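Student: Mind looking over this structure? Questions follow.
The values are calculated or read from the model by the stated rules, or taken from the named source; none is laboratory data. In this text the structure is predicted, and so the values were computed from the model without any measurement. Positions of Cβ are backbone-derived with ideal geometry, glycine not excepted, and every protein chain shown enters the neighbour counts. Only protein heavy atoms, including side chains, enter the accessible area calculation; ligands, DNA and RNA are left aside. Shrake-Rupley method; radii C 1.70, N 1.55, O 1.52, S 1.80 Å.
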Amino acid sequence: MKLAIIGGGASGIFVAVLLKGCGLDITIFEKNKTIGKKLLASGNGKCNIHNTNGSSSDYASSSLDKNQIQKIINKFTYSDFYKLCSKLGLPLIAEGSKVYPMSYSAKSVLEVFQLSLEEVHIRCNEEIIDIKLDKNYKIKSNKQEYEYDFVVVSCGSNAHERLGGSDSGYRLGQKLGFQLVDTYPVLTPLKCKQVFCDLNGLKVFSKITLKDKNIKIIEIDGDLLFTNYGVSGFGILDISYYLNLCEIPSFSVDLLPNISKEALEKILINSIKTYKNASLCEILSGIVNPKLAKYLTNNKKSDIKSIKNIVYAIKNLQITPELTQEANNAEVCGGGISFECINIDTFESKKYKNLYIIGEVLDIVGKRGGHNLAFAWSGAYICANSIKKRMQIQ
């Protein structure tokens, strides 16, 4: 029997690994030059491959509730993944709750997985553009047509276009009549209405508060990186996960979270008395990066009123993100093919027998920290088990 896996990303590769030796003639179709392109970039190349403390609270979906998400995660836990990777020769280590390969190299992960794909046909530079069900599945690529008994759709999302992300999975879903949930970028740098060109490249550890209509949604401590277009950094990537919940979002940023407003005012007032001929910018440069000091002071006088204004700006920098963000720079996307279209116990389509949907093309997104890959492994595991059982019946 023959299986077509459409998409050679994390979930597509892993389902092929899991189905090794079960008697299937497996082909992976990948529209890019190589498989695993996004996987190689995960964790800045270190591959944050899983999370030891993952739960349903780390995910968002419009078509799954928290109990359903937890049910999926529980079917293939971190412990299960750890044991399997050990058997494959891929030892893992944890830093806090974040899990990495012992080599700290995403390339190691891909190369170990590829050892299990020796008998798998891998057709790169070939994009599947249509799927039709006759007696078997007839799939059409940009090169030719094929027939398969089983099909796994694992195309990924349109996040990170430069790494091969596209909407091909959504287009296939539409042709098959699946319900699509509107997609949105997540874990992404943000374009802002404010201009920070003078601060471009400056990274500041901050306390970032997301508000919607001036009501606090979430508060996160993390790096904020000023850019030509807006803001980035791990703190911004983390908080962007919640941006889709907001109608009128805004950020309030504390650029010096480890010191109180009162203590900061006292330091500055004492410095003015000590350095009577120094400018406010020069005095502030001893407390924050000189580039930031120049931006904040903007030729203000060294007096009490100016100090209070500066302290307020440091502790309450206001940033307004644009309502529409691009998926090109996002690590992942929310939305996608609705889980209403599949059986979550098998990941098989409710409409088409022997057709499965896994991975980021589905309507689910996780927080930063290995959660998105963790869900990809769980979905692939459930899918592979279902295919094995179906083969025994047939």
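Student: Is at least one residue of segment 368-391 out of contact with any Leu (no Cβ under 6 Å at 6 or more places or on another chain), in a loop (DSSP other than H, G, I, E, B) and buried (at least 24 other Cβ atoms within 10 Å of the Cβ)?
Tutor: Among the residues of segment 368-391, at least one is out of contact with any Leu (no Cβ under 6 Å at 6 or more places or on another chain), in a loop (DSSP other than H, G, I, E, B) and buried (at least 24 other Cβ atoms within 10 Å of the Cβ), which makes the answer yes.
Student: Tally the residues that are assigned to a strand (DSSP E or B) and either among the hydrophobic types (A, V, I, L, M, F, W, C) or within 25 Å of HIS371 (Cα to Cα) (or both), restricting the search to segment 1-45.
Tutor: Kept after step one, since they are assigned to a strand (DSSP E or B), are these residues of segment 1-45: 2-6, 25-30.
Imposing the further condition that a residue be either among the hydrophobic types (A, V, I, L, M, F, W, C) or within 25 Å of HIS371 (Cα to Cα) (or both) reduces the set to 3-6, 26, 28-30.
Qualifying residue count, segment 1-45: 8.
Student: Follow-up question, since we're still on this one. Do we find that LYS83 is without any contact (Cβ under 8 Å) to a residue 60 or more places away in the chain, among the basic types (Lys, Arg) and assigned to a helix (DSSP H, G or I) in this structure?
Tutor: For LYS83, the condition - without any contact (Cβ under 8 Å) to a residue 60 or more places away in the chain, among the basic types (Lys, Arg) and assigned to a helix (DSSP H, G or I) - is met.
Student: Exactly one of (1) open to solvent by 50 Å² or more (accessible area, probe 1.4 Å); (2) at pLDDT 90 or above; (3) among the hydroxyl-bearing types (Ser, Thr, Tyr) is unmet by SER285. Its number?
Tutor: Every condition holds for SER285 apart from (1).
Student: Just for strands (runs of 3 or more DSSP E) wholly inside segment 199-254: which have at least 1 residues that are hydroxyl-bearing (Ser, Thr, Tyr)?
Tutor: It comes to 203-212, 230-232, 249-254.
Student: (1) in contact with a Pro (Cβ under 9 Å, 6 or more places away or on another chain); (2) free of Cβ contacts under 8 Å to residues at least 12 places away in the same chain: which one isn't true of ASP134, the others all being true?
Tutor: Every listed condition holds for ASP134 apart from (1).
Student: Which of the residues belonging to segment 289-308 are surrounded by fewer than 19 Cβ atoms within 10 Å (Cβ to Cβ) and either hydrophobic (A, V, I, L, M, F, W, C) or in contact with a Ser or Thr (Cβ under 6 Å, 6 or more places away or on another chain) (or both)?
Tutor: LYS300, ILE304
Student: Which condition from (1) of a type outside the set (Phe, Trp, Tyr); (2) farther than 21 Å from PRO290 by Cα; (3) touching a residue at least 24 places away in the same chain (Cβ under 8 Å) is the one that ILE220 breaks?
Tutor: Only one criterion is unmet by ILE220, namely (3).
Student: Would you please name the residue that is nearest to ASP238 (Cα to Cα), looking only at residues in segment 58-79 that are open to solvent by 50 Å² or more (accessible area, probe 1.4 Å) and outside any helix (DSSP H, G or I)?
Tutor: For segment 58-79, the residue satisfying everything is SER62.
Student: Just to be sure before I move on: is VAL195 of a type in the set (A, V, I, L, M, F, W, C) and assigned to a strand (DSSP E or B) in the structure I sent?
Tutor: no
Student: For segment 51-76, what are the residues that are over 16 Å from ILE337 (Cα atoms) and without any contact (Cβ under 8 Å) to a residue 40 or more places away in the chain?
Tutor: SER55, SER56, SER57, LYS66, ASN67, GLN70, ASN74
Student: Being of a type in the set (A, V, I, L, M, F, W, C), closer than 30 Å to GLY96 by Cα and either open to solvent by 10 Å² or more (accessible area, probe 1.4 Å) or in contact with a Leu (Cβ under 8 Å, 6 or more places away or on another chain) (or both) narrows it down to one residue among VAL311, VAL332; which is it?
Tutor: VAL332
Yes/no matrix, rows are residues, columns are (1) of a type outside the set (A, V, I, L, M); (2) on the phi > 0 side of the Ramachandran plot; (3) surrounded by fewer than 22 Cβ atoms within 10 Å (Cβ to Cβ):
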site: ALA4; (1), (2), (3): no, no, no
site: CYS22; (1), (2), (3): yes, no, yes
site: ALA41; (1), (2), (3): no, no, yes
site: GLY45; (1), (2), (3): yes, yes, yes
site: SER56; (1), (2), (3): yes, no, yes
site: PHE81; (1), (2), (3): yes, no, yes
site: LYS87; (1), (2), (3): yes, no, yes
site: LEU92; (1), (2), (3): no, no, yes
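Student: Counting only residues that are of a type outside the set (S, T, N, Q) and open to solvent by less than 30 Å² (accessible area, probe 1.4 Å), which one in segment 251-264 is nearest to ASN309 (Cα to Cα)?
Tutor: In this case the residue turns out to be LEU264.
Student: Please work out if ASP167 is open to solvent by 50 Å² or more (accessible area, probe 1.4 Å), under 18 Å from the mean Cα position of the chain (by Cα) and without any contact (Cβ under 8 Å) to a residue 24 or more places away in the chain.
Tutor: yes
Student: Now for a separate question. Quick check: anything in segment 177-195 open to solvent by less than 50 Å² (accessible area, probe 1.4 Å), within 20 Å of ILE5 (Cβ to Cβ) and under 22 Å from the mean Cα position of the chain (by Cα)?
Tutor: For segment 177-195, residues open to solvent by less than 50 Å² (accessible area, probe 1.4 Å), within 20 Å of ILE5 (Cβ to Cβ) and under 22 Å from the mean Cα position of the chain (by Cα): absent.
Student: Right, another one. Working carefully through the options LYS107, LYS83, LYS135, LYS87, find the one that is farther than 26 Å from CYS22 by Cα and among the charged types (D, E, K, R).
Tutor: LYS107
Student: Please specify each residue of segment 198-216 satisfying the condition of being open to solvent by 70 Å² or more (accessible area, probe 1.4 Å) and touching a residue at least 12 places away in the same chain (Cβ under 8 Å).
Tutor: ASP198, LYS203, PHE205, LYS213, ASN214, listed by residue number.
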